[in-house]
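Here is the structure we will look at.
The values are calculated or read from the model by the stated rules, or taken from the named source; none is laboratory data. Here the structure is a predicted model, which is why all the values come from computation and not from measurement. Methodologically, a virtual Cβ is constructed for each residue, glycine included, from the backbone with ideal geometry; neighbour enumeration extends over all protein chains shown.
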Amino acid sequence: MSSPGPRRLPTLQGRLVTTLFFEPSTRTRSSFEIAARRLSADVASFAPASSALAKGESLLDTVRTYVAMGAELLVIRHRSSGVPAALAQDLHATGHDIAVLNAGDGLHSHPSQALLDLFTLARHFSPQQPTLQALAGRTIAIVGDILHSRVARSNLWSLSGVGARIHLCGPSALLPKCFADFLAAMPPGCGPDPVPQRGKIHIFRDLDEALTDVDAVMTLRLQQERAQKHQVTSLEDYHRNYGITHGRLKRCRPGTPVLHPGPVNRDVELSSELVNDPQRCLMHQQVGHGVPVRMALLYLLATTLNAREDT
């Protein structure tokens with residue numbers, strides 16, 4: 001058996017990584033912190049409930065406090081779109097050479113989740129040599145609450161960027177027709193689109209039709225408040241119409257995998273039997289891949305910082 005390699009690498013030794021999560025998170029926050037420690041960084045975690053924010057301190061001043069304590073890489077999640085980018089601009093405008101990584105902002109984007117989803121799919125389709133070419137021409141169904149999902153938005157950019165066709169499926173209240181033209185805008189942080197030809201988006205209301213002959217299925221967490229706001233009639237009806245089960249997967253290509261960003265509502269987005277089936281449900285693989293993917297992101301940011309310091 002080959003050696004698994006070192007558990008820790010010295011890449012970020014002497015660097016301070018701060019995770020500032022202004023909304024709850026288990027998987028993303030933990031995997032970023034594990035990733036930072038695997039790269040030998042010091043890690044500081046921000047807890048909003050016990051912070052000076054409760055005393056009226058501004059968001060920017062909170063971030064500047066961590067920078068004053070030596071933080072060089074900031075991993076930021078916030079309920080409002082654009083906050084990580086705005087904080088990065090403010091810090092750079094005041095002369096702070098700080099790397100900021102978006103860990104999810106409002107309904108805007110969740111870049112690291114999209115990257116680990118790409119890797120999970122590439123490894124499924126090409127286990128010996130995972131490459132993005134393994135996804136070109138594939139058909140991927142994304143099912144559920146597209147409207148309120150930053151995961152869906154980031155995956156629309158990433159999957160279309162590698163040439164996959166995308167089937168979006170959900171009730172009209174959670175999947176407006178305008179998503180058919182989603183790719184007409186510019187990708188986040190880009191001027192002209194760097195991808196010359198993207199895969200296409202197709203919208204479906206009928207789940208069986210959306211799943212026909214697809215290569216992979218992504219499901220999205222349904223917030224239970226959607227039923228309270230009458231965006232879905234009930235959780236039971238939602239599962240009946242849009243829940244993924246072994247029976248529903250028979251319309252897909254043989255062996256089609258199912259992904260979910262977590263946390264999952266059993267018997268709402270996915271049947272419990274499917275969640276417990278490691279041959280079809282790749283949720284745990286996604287979580288496991290989150291650590292090396294986020295290690296790679298932190299490594300790239302550290303390389304940028306090193307290059308700036310050497311000039």
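I'm checking my understanding of the structure. Among residues of the range 267-302 that are part of a loop (DSSP other than H, G, I, E, B) and without any contact (Cβ under 8 Å) to a residue 40 or more places away in the chain, which one is nearest to Asp215 (Cα to Cα)?
Our first condition is that a residue be part of a loop (DSSP other than H, G, I, E, B); within the range 267-302, this holds for 267-269, 271, 276-280, 282.
When the remaining residues are screened for being without any contact (Cβ under 8 Å) to a residue 40 or more places away in the chain, the result is 267, 271, 276-280.
On the way: Asp267: 22, Ser271: 19, Asn276: 20, Asp277: 17, Pro278: 17, Gln279: 14, Arg280: 12 Å.
Restricting to residues being part of a loop (DSSP other than H, G, I, E, B) and without any contact (Cβ under 8 Å) to a residue 40 or more places away in the chain, the top hit is Arg280.
Any residue at all in the range 100-121 that's over 20 Å from Gly290 (Cα atoms) and aliphatic (A, V, I, L, M)?
The answer is yes; a qualifying residue exists.
Check Leu235, Leu220, Leu211 and return the single one that is in the same structural domain as His260 (by TED's automatic domain parsing) and within 20 Å of the chain's Cα centre (by Cα).
Result of the check over Leu235, Leu220, Leu211: Leu220.
Answer yes or no: is there a residue in the range 37-48 that is outside any strand (DSSP E or B) and aromatic (Phe, Trp, Tyr). Quick ask: steps written out before the conclusion?
Kept after step one, since they are outside any strand (DSSP E or B), are these residues of the range 37-48: 37-41, 47-48.
So of that shortlist, the ones also aromatic (Phe, Trp, Tyr) come out as none.
Looking for residues that are outside any strand (DSSP E or B) and aromatic (Phe, Trp, Tyr), one finds none in the range 37-48, hence no.
Does Asp117 count as assigned by TED's automatic domain parsing to the domain that holds Pro263 and either of a type in the set (Val, Ile, Thr) or in contact (Cβ under 8 Å) with a residue 24 or more places away in the chain (or both)?
Spelling it out, Asp117 is indeed assigned by TED's automatic domain parsing to the domain that holds Pro263 and either of a type in the set (Val, Ile, Thr) or in contact (Cβ under 8 Å) with a residue 24 or more places away in the chain (or both).
Taking Thr245 as the residue in question, decide whether it is within 22 Å of the chain's Cα centre (by Cα) and modelled with pLDDT of 95 or more. Steps first, answer last, please.
Numbers: within 22 Å of the chain's Cα centre (by Cα): no; modelled with pLDDT of 95 or more: yes.
No.
Has the range 61-68 got any residue that is under 28 Å from Leu301 (Cα atoms), touching a Pro at 6+ places or on another chain (Cβ under 6 Å), of a type in the set (Phe, Trp, Tyr) and without any contact (Cβ under 8 Å) to a residue 60 or more places away in the chain?
Filtering the range 61-68 for residues under 28 Å from Leu301 (Cα atoms) gives 61-68.
The next check asks that each one be touching a Pro at 6+ places or on another chain (Cβ under 6 Å); those that pass are none.
The answer is no, given that none of the residues of the range 61-68 is under 28 Å from Leu301 (Cα atoms), touching a Pro at 6+ places or on another chain (Cβ under 6 Å), of a type in the set (Phe, Trp, Tyr) and without any contact (Cβ under 8 Å) to a residue 60 or more places away in the chain.
Mind listing just one residue for me: the one in the range 94-111 that is surrounded by fewer than 21 Cβ atoms within 10 Å (Cβ to Cβ) and either among the hydroxyl-bearing types (Ser, Thr, Tyr) or over 21 Å from Ser45 (Cβ atoms) (or both) and, of those, modelled with the lowest pLDDT?
Going through the qualifying residues, I end up with Asp97.
For the range 166-194, give me the residue count where each residue is touching a residue at least 12 places away in the same chain (Cβ under 8 Å), over 14 Å from Gly144 (Cα atoms) and within 19 Å of the chain's Cα centre (by Cα).
The number of residues fulfilling the criteria is 5.
Can you name every residue in the range 73-86 that is assigned to a helix (DSSP H, G or I) and either under 23 Å from Thr26 (Cβ atoms) or not assigned by TED's automatic domain parsing to the domain that holds Leu305 (or both)?
Val83, Pro84
Has the range 144-154 got at least one residue that is at positive phi and touching a strand residue (DSSP E or B) at 6+ places or on another chain (Cβ under 8 Å)?
Within the range 144-154, one or more residues are at positive phi and touching a strand residue (DSSP E or B) at 6+ places or on another chain (Cβ under 8 Å).
Name every residue in the range 104-127 that is in contact with a His (Cβ under 6 Å, 6 or more places away or on another chain) and within 15 Å of Val162 (Cα to Cα), in order of residue number.
Leu116, Phe119, Thr120
Scan the range 112-135 and tell me whether some residue there is farther than 13 Å from Met218 by Cα, crowded, with 22+ Cβ neighbours inside 10 Å and either of a type outside the set (A, V, I, L, M) or in contact with a Pro (Cβ under 7 Å, 6 or more places away or on another chain) (or both).
Yes, the conditions are met somewhere in the range 112-135.
Would it be correct to say that Ala103 is assigned to a strand (DSSP E or B), of a type in the set (Gly, Ala, Ser) and either touching a residue at least 12 places away in the same chain (Cβ under 8 Å) or assigned by TED's automatic domain parsing to the domain that holds Leu301 (or both)?
Answer is yes for this residue.
Count, please, the residues in the range 24-45 that happen to be under 28 Å from Ser81 (Cβ atoms), of a type outside the set (Ser, Thr, Tyr) and touching a residue at least 60 places away in the same chain (Cβ under 8 Å).
Residues meeting the conditions: 7.
Take Arg77 and tell me if it is out of contact with any strand residue (DSSP E or B) (no Cβ under 7 Å at 6 or more places or on another chain) and buried (at least 16 other Cβ atoms within 10 Å of the Cβ).
Details: out of contact with any strand residue (DSSP E or B) (no Cβ under 7 Å at 6 or more places or on another chain): no; buried (at least 16 other Cβ atoms within 10 Å of the Cβ): yes.
Considered against the rule, which asks whether it is out of contact with any strand residue (DSSP E or B) (no Cβ under 7 Å at 6 or more places or on another chain) and buried (at least 16 other Cβ atoms within 10 Å of the Cβ), Arg77 comes out as no.
Taking the criterion of being among the β-branched types (Val, Ile, Thr), within 21 Å of Leu116 (Cα to Cα) and part of a helix (DSSP H, G or I), would at least one residue in the range 61-72 satisfy it?
No, the range 61-72 has no match at all.
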